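Peer 1: Mind looking over this structure? Questions follow.
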């Protein structure tokens, strides 16, 4: 079995685990708002599971990454860990735009429009989905 197929099986199992166990256990039930707190996480768990099915059925060409790519992946992980720690301290609204910009720059994006749209637009969209649609506070 190829690595992609094993990864697909993992994401199918993880999506089912999220949908059936973690989300019902960890997301509170509320009676207000038109979008329940479980709706969006469950949709994303289904999308994750479907992505796993696609990867299982249509694996890509197997190539091993070069050593430098592992270091770059570690750098991405480091940015995410530092950003999460900063979010814990200062809040999502203040840290997310910088984190998005750093990730896009690390990914090689250099077009100013996309950098601005990603650094301002995506955090604003996430804020809108959580704070307005789900009526949940962001730290």
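No value in this document is a laboratory result; all are computed from the given coordinates. All of these numbers come straight from a predicted model, not from anything done at the bench. Backbone-built Cβ (ideal geometry, glycine too); neighbour counts: all protein chains shown.
Peer 1: Need the full-extension length gain, residue 130 to residue 76, defined as separation in residues times 0.36 nm minus the C-alpha distance. One decimal, nm.
Peer 2: Values: separation 54, 0.36 × 54 = 19.44 nm, distance 2.45 nm.
Stretched out fully, the residue 130 to residue 76 stretch lengthens by 17.0 nm.
Peer 1: How many nm separate the modelled label positions at residue 4 and residue 84, each set 7 Å beyond the Cα in the direction of the Cβ?
Peer 2: Modelled inter-label distance: 2.8 nm.
Peer 1: Now for a different question. Express the relative contact order of the chain as a whole percentage, based on alpha carbon pairs under 8 Å and six or more residues apart in sequence.
Peer 2: Numbers: 124 pairs, mean separation 34.8, N = 139.
Normalised by residue count, the contact order of the chain is 25 percent.
Peer 1: Across 5 Å bins from the origin, how do the percents of Cα pairs in segment 65-139 run, short distances first?
Peer 2: P(r) over segment 65-139, rounded to whole percents: 3, 15, 21, 21, 19, 12, 6, 2, 1.
Peer 1: Which of 87, 99 has the fewest other C-beta atoms within 10 Å, and how do the rest follow up to the most?
Peer 2: Ranked by crowding around the Cβ, least crowded first: 87, 99.
Peer 1: Another question, if that's okay. Could you list 30, 95 so that the one with the fewest beta carbons within 10 Å of its beta carbon is first and the one with the most is last?
Peer 2: Lowest to highest Cβ neighbour count: 30, 95.
Peer 1: Given Cα positions, please report Rg to Rh for segment 1-106, the hydrodynamic radius being the Kirkwood one.
Peer 2: 1.06
Peer 1: Now, a different point. What FRET efficiency comes out for residue 107 versus residue 30 if R0 is 35 angstrom and r is the Cβ-Cβ distance? Round to the nearest 0.05.
Peer 2: 0.45
Peer 1: Most exposed first by the Cβ proxy, i.e. fewest other Cβ within 10 Å, how do 68, 84 rank?
Peer 2: 68, 84
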